[in-house]
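S.K.: Got a structure for you, questions after.
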Amino acid sequence: MADILNNPKARRDYEILETYEAGLVLRGTEVKSLRAGKGQLSDAYVRVEKDKDEVWLHNAHIDEYTQGNQFNHVPKAARKLLLNKSEIRKLREASHVKGHALIPISFYWKGNRVKVAVAVGKSKAQFDKRQDMKKRDSEREMKRAETSRIKGR
């Protein structure tokens, strides 16, 4: 499963609690544009409709297909996500918890279909972000030291 698009802000700004795989309702020009890797998820979010059992992806940008002419799609249109009723219910409950958000992590291929990894995330405090950066830096330094020690032999 190769990723088409990733959301780099998701793992940096949120602690991922749970993930769901969702189908995505797309038009032909959107699929062709995604095959070319044209799009971004950095400002995207997921919303569960109040009265209906529907989940929508908002603010995900999929570039217009260059050969799409008049049949092209709207780049930032809301797109419907396909989930089971039980998954929709769980997402609705998770979204009502204070500090939790529904965020798309990535688009990827599963067979001939485009899937979205939707995560329930808890917002990180600035302190947590700094701790994660320190941990990554120390791991990187240890790896460098180990590589230089092995090469020194």
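The values are calculated or read from the model by the stated rules, or taken from the named source; none is laboratory data. Computed from a prediction, not measured in an experiment: that's the story for all the values here. All Cβ positions, glycine included, derive from the backbone under ideal geometry; neighbour counts span all protein chains shown.
S.K.: Just checking, does region 44-55 include any residue being closer than 30 Å to VAL97 by Cα and in contact with an Asp or Glu (Cβ under 9 Å, 6 or more places away or on another chain)?
M.R.: Yes: one or more hits.
S.K.: Kindly list the number of the only condition in (1) in contact with a Pro (Cβ under 8 Å, 6 or more places away or on another chain); (2) assigned to a loop (DSSP other than H, G, I, E, B); (3) β-branched (Val, Ile, Thr) that fails for THR66.
M.R.: Going through (1) in contact with a Pro (Cβ under 8 Å, 6 or more places away or on another chain); (2) assigned to a loop (DSSP other than H, G, I, E, B); (3) β-branched (Val, Ile, Thr) one by one, THR66 breaks only (1).
S.K.: Can I ask one more? Test ASP63 against the criterion of being within 15 Å of ILE4 (Cα to Cα) and at pLDDT below 85, and give yes or no.
M.R.: Judged against the criteria, ASP63 is a match.
S.K.: Could you list, in sequence order, all residues of region 2-45 that are outside any strand (DSSP E or B), surrounded by 16 or more Cβ atoms within 10 Å (Cβ to Cβ) and either within 12 Å of the chain's Cα centre (by Cα) or of a type in the set (A, V, I, L, M, F, W, C) (or both)?
M.R.: ASN7, ALA10, ARG11, LEU26, VAL31, LEU34, LEU41, ALA44
S.K.: To continue, here is another question. Looking at VAL114, VAL48, VAL55, can you tell me which residue is closer than 18 Å to THR19 by Cα and at pLDDT below 90?
M.R.: When all the criteria are applied, what remains is VAL114.
S.K.: For region 46-74, what are the residues that are in contact (Cβ under 8 Å) with a residue 24 or more places away in the chain and either closer than 27 Å to ARG12 by Cα or under 17 Å from the mean Cα position of the chain (by Cα) (or both)?
M.R.: Matches in region 46-74: VAL46, ARG47, VAL48, VAL55, TRP56, LEU57, ALA60, ILE62, ASP63.
S.K.: Please state which one of VAL48, VAL74, VAL97 is crowded, with 18+ Cβ neighbours inside 10 Å and hydrophobic (A, V, I, L, M, F, W, C). Steps first, please.
M.R.: Values: VAL74 fails: crowded, with 18+ Cβ neighbours inside 10 Å; VAL97 fails: crowded, with 18+ Cβ neighbours inside 10 Å.
That would be VAL48, the only listed residue that is crowded, with 18+ Cβ neighbours inside 10 Å and hydrophobic (A, V, I, L, M, F, W, C).
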